[in-house]
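Single-structure report; data block below.
The values are calculated or read from the model by the stated rules, or taken from the named source; none is laboratory data. All values derive from a computational prediction rather than experimental measurement. Positions of Cβ are backbone-derived with ideal geometry, glycine not excepted, and every protein chain shown enters the neighbour counts.
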Amino acid sequence: MKKLTINEQIFLIAIWQLKDEAYGIKIRERIIELTGSSMVFGTLYNTLDYLVKKGYIAAKKRDPEEDSQNRKRVYYKITKNGIEALQTARELQKNLWKNIPDFSVKENTS
């Protein structure tokens, strides 16, 4: 399995957290909450398309009748492959940091 980039992890975590409300604007808002950084919609949708192609998320269009505001939206859901990739990424992060003690920036600025 390919290792996830930080950006891919952020997207997958946002979609996982949003559950049934994971559509473009909500995903963008959650990513901004998680990272404190803004994102243009082109980047958002390009990344979502990329994650669909990789099999980490699935996209489903909902008819306007299914939406309370009568909007045609694409909803995203994390797939089994996406969950497995996130679990692998989390284990990698744990392994990378397990023997590193807590430190402050002051300790390494000499």
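General observations
- Residues of segment 91-110 that turn out to be outside any loop (DSSP other than H, G, I, E, B) and at pLDDT below 80, as a count: 4
- Look at segment 7-20: where a residue is at positive phi and modelled with pLDDT under 95, no partner that is in a helix (DSSP H, G or I) and of a type outside the set (D, E, K, R) sits 6+ places away or on another chain with Cβ atoms under 9 Å.
- Applying a threshold of 7 Å to beta carbon distances and a minimum spacing of six or more residues, or different chains, the list of pairs starting in segment 87-100 at a residue that is under 23 Å from residue 16 (Cα atoms) and ending at one that is part of a loop (DSSP other than H, G, I, E, B) and aliphatic (A, V, I, L, M) reads 88/1; 89/4.
Let's see how each residue does on (1) over 12 Å from the mean Cα position of the chain (by Cα); (2) touching a residue at least 40 places away in the same chain (Cβ under 8 Å):
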{"residue": "24", "(1), (2)": "no, yes"}
{"residue": "29", "(1), (2)": "no, no"}
{"residue": "40", "(1), (2)": "yes, no"}
{"residue": "43", "(1), (2)": "yes, no"}
